[in-house]
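Notes for the one structure printed next.
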């Protein structure tokens with residue numbers, strides 16, 4: 001028998017997947033990112049429908065409780081996502097620095113030309 005929490009998790013996963021699909025459609029995310037999110041949400045649905053599968057995986061991996069496995073995997077995924085965000089923010093910072101340098105150089109040339117007149 002399916003419980004209310006399982007239904008809520010399935011509905012949330014479907015909603016989140018639909019958001020990812022919309023982001024793919026408007027090209028806010030790449031296909032690889034969409035696949036990542038699709039696997040994540042499909043896994044949530046799978047383990048919601050069949051918690052015994054999560055219990056089986058945890059026992060195969062030597063983890064006593066399925067909940068512990070879910071927490072471990074969640075922490076790993078969160079660290080991975082934090083790393084991705086860090087890389088993107090760092091890249092943006094470098095790009096902003098480059099734009100500011102270019103604008104400053106152009107303004108400096110403009111000021112020099114204006115002062116010569």
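Here's the yes/no breakdown for (1) touching a strand residue (DSSP E or B) at 6+ places or on another chain (Cβ under 7 Å); (2) outside the structural domain of residue 2 (by TED's automatic domain parsing); (3) loosely packed, with under 10 Cβ neighbours inside 10 Å; (4) at pLDDT below 95:
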residue	(1), (2), (3), (4)
26	no, no, yes, no
40	no, no, no, no
58	no, yes, no, no
86	no, yes, no, no
91	no, yes, no, no
102	no, yes, no, yes
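What number of residues in the range 1-36 are within 16 Å of residue 50 (Cβ to Cβ) and either in contact with a helix residue (DSSP H, G or I) (Cβ under 6 Å, 6 or more places away or on another chain) or outside any helix (DSSP H, G or I) (or both)? It would help to see each step written out before you state the result.
Going through the range 1-36, the residues within 16 Å of residue 50 (Cβ to Cβ) turn out to be 1-3, 5-7, 9-10, 13.
Going one step further and asking which of them are either in contact with a helix residue (DSSP H, G or I) (Cβ under 6 Å, 6 or more places away or on another chain) or outside any helix (DSSP H, G or I) (or both), we end up with 1-3, 6, 9-10, 13.
Within the range 1-36, residues that are within 16 Å of residue 50 (Cβ to Cβ) and either in contact with a helix residue (DSSP H, G or I) (Cβ under 6 Å, 6 or more places away or on another chain) or outside any helix (DSSP H, G or I) (or both) number 7.
If you go through the range 60-68 one residue at a time, do you hit one that is farther than 23 Å from residue 8 by Cβ and assigned to a helix (DSSP H, G or I)?
Just the residues of the range 60-68 that are farther than 23 Å from residue 8 by Cβ, to begin with: 60-64.
Remaining after also requiring assigned to a helix (DSSP H, G or I): 60.
Yes: the range 60-68 contains one or more residues that are farther than 23 Å from residue 8 by Cβ and assigned to a helix (DSSP H, G or I).
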Residue check, residue 44 against (1) more than 12 Å from the chain's Cα centre (by Cα); (2) in a helix (DSSP H, G or I); (3) free of Cβ contacts under 8 Å to residues at least 12 places away in the same chain, all met but one. Which one? (3)
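The values are calculated or read from the model by the stated rules, or taken from the named source; none is laboratory data. From a predicted model like this one, the values you see are computed outputs, not experimental measurements. Glycine also receives a Cβ, built like all others from the backbone with ideal geometry; neighbour counts cover every protein chain displayed.
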